[in-house]
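Note sheet for the following structure.
The values are calculated or read from the model by the stated rules, or taken from the named source; none is laboratory data. Since we're looking at a predicted model, the values are computed, not measured. Note that each Cβ is placed from the backbone with ideal geometry, even for glycine, and that neighbours are counted across all protein chains shown.
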Amino acid sequence: MLDRTLGEPDVEPHPLVCFGRFMDAVERRLHRDHRLAGVVHAAIGLGVAGALGRLVPSTTMATYLAVGGRSLAEAATAVEAALAEGDLSTARRLLPALVGRDPEGLDPAEVARAVVESVAENTVDAVVAPVLWAALAGAPGALGYRALNTLDAVVGHRSPRHLRYGWASARLDDLAGWVPARLTALLVVAARPSAARPVARAVRHQAPAHPSPNAGVAEAAFAAALGLRLGGANRYGERVEHRPALGEGRPAAPGDISRAVRLSLDVGVLLATSAAATALVAHPR
């Protein structure tokens, strides 16, 4: 709720930016084209984040640093505003803040699809997962998860440089996000109960075809809840990846970005409400 009210902490440089720069320096020293070096890289990142988490006196403040729901909503809304004004070049310029795919050549519908998919995936990564890990392991859990998610974003993608080196970060991120992704799907059902059956069908039958065991679940849940069909060809430089169809509705349009943002915010509110209710039941005094 602090994130929803205040947004990102107004500090420069942001702690996550500092962490990213530190891990870039670690990679420059450690990088080798094999998995063991990547395991050491991931262990250093998790160790640093866990140690910093122990220094933070409040789990609430650590979670506030780790959660980025409002910044996600603002970034998505900025792209939608550019599309609404017919400024496709600005929308493409803003898109890399949300996705790693190449924005050049994307039409408004493909830009909208990219944003909706990013909102769905990052609802897990930037909202549900850090809160859940904070509940399970306190400040080290919140910061450790966000650090792991950052490591995956930096070295976990399937580029020639990181195919082996980033393997450990990518697999650990998948493991840490497995439960939060499925909790996100349940929260989507709670937020849009009329879409419960389509969401369950999409998560059960379509999500397994997605290359990510967690992003596929979130994207399938959002697609079904919003009555959309996501998936298609994604270009990453010279590499093209074909994602399976998720949902059974129409293709995404620019106006669907605000609907996805609203659903993401509703999931966050339900998560906070559920956490508060659980705490009150567990500790009534």
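What to note about this one:
- Considering region 54-63, and only residues there that are surrounded by 15 or more Cβ atoms within 10 Å (Cβ to Cβ) and modelled with pLDDT of 90 or more, the residue that is farthest from Asp173 (Cα to Cα) turns out to be Thr59.
- Residue in region 64-76 that is surrounded by fewer than 14 Cβ atoms within 10 Å (Cβ to Cβ) and in a helix (DSSP H, G or I) present: no
- Inside region 151-173, residues that are modelled with pLDDT of 90 or more and polar (S, T, N, Q) make up a count of 1.
- Selected residue (criterion: surrounded by the fewest Cβ atoms within 10 Å (Cβ to Cβ)) from residues of region 179-188 that are under 12 Å from the mean Cα position of the chain (by Cα) and within 19 Å of Leu143 (Cα to Cα): Pro180
- Residues located in region 260-285, provided they are among the charged types (D, E, K, R) and touching a residue at least 60 places away in the same chain (Cβ under 8 Å): Asp266
- Failed condition for Ala168, given (1) hydrophobic (A, V, I, L, M, F, W, C); (2) crowded, with 22+ Cβ neighbours inside 10 Å; (3) closer than 18 Å to Asn122 by Cα: (3)
- Some residue of region 53-65 being among the β-branched types (Val, Ile, Thr) and without any contact (Cβ under 8 Å) to a residue 12 or more places away in the chain: no
- Restricting attention to region 135-165, the residues that are part of a helix (DSSP H, G or I) and either surrounded by fewer than 21 Cβ atoms within 10 Å (Cβ to Cβ) or of a type outside the set (Ser, Thr, Tyr) (or both) add up to 19.
- Residues satisfying the stated conditions in region 209-220, i.e. more than 10 Å from Leu246 (Cα to Cα) and either not in a helix (DSSP H, G or I) or not aliphatic (A, V, I, L, M) (or both): Pro211, Ser212, Pro213, Asn214
- Restricting Val26, Val99 to those that are in a loop (DSSP other than H, G, I, E, B) and β-branched (Val, Ile, Thr) reduces the list to Val99.
- The one condition in (1) in contact (Cβ under 8 Å) with a residue 24 or more places away in the chain; (2) of a type in the set (A, V, I, L, M, F, W, C); (3) under 30 Å from Glu238 (Cα atoms) that Ala170 fails to fulfil: (1)
- Arg93 falls short of the stated requirement of being touching a residue at least 24 places away in the same chain (Cβ under 8 Å) and either of a type in the set (Lys, Arg) or not in a helix (DSSP H, G or I) (or both).
- Test result for Leu46, farther than 27 Å from Leu175 by Cβ and either among the basic types (Lys, Arg) or surrounded by 15 or more Cβ atoms within 10 Å (Cβ to Cβ) (or both): no
- Out of Gly216, Gly247, one residue alone is in contact (Cβ under 8 Å) with a residue 24 or more places away in the chain, closer than 26 Å to Trp133 by Cα and touching a strand residue (DSSP E or B) at 6+ places or on another chain (Cβ under 8 Å). It is Gly216.
- Pair list, Cβ under 7 Å, 6 or more apart: region 180-197 residue within 15 Å of Glu219 (Cβ to Cβ) and among the hydrophobic types (A, V, I, L, M, F, W, C), other residue surrounded by fewer than 19 Cβ atoms within 10 Å (Cβ to Cβ) and modelled with pLDDT under 95: none
- Taken over region 235-253, the residue count meeting the criterion of being under 13 Å from Ala109 (Cα atoms) and crowded, with 19+ Cβ neighbours inside 10 Å is 1.
- Residues that are more than 23 Å from Ala176 (Cα to Cα) and in a helix (DSSP H, G or I), drawn from region 29-47: Arg29, Leu30
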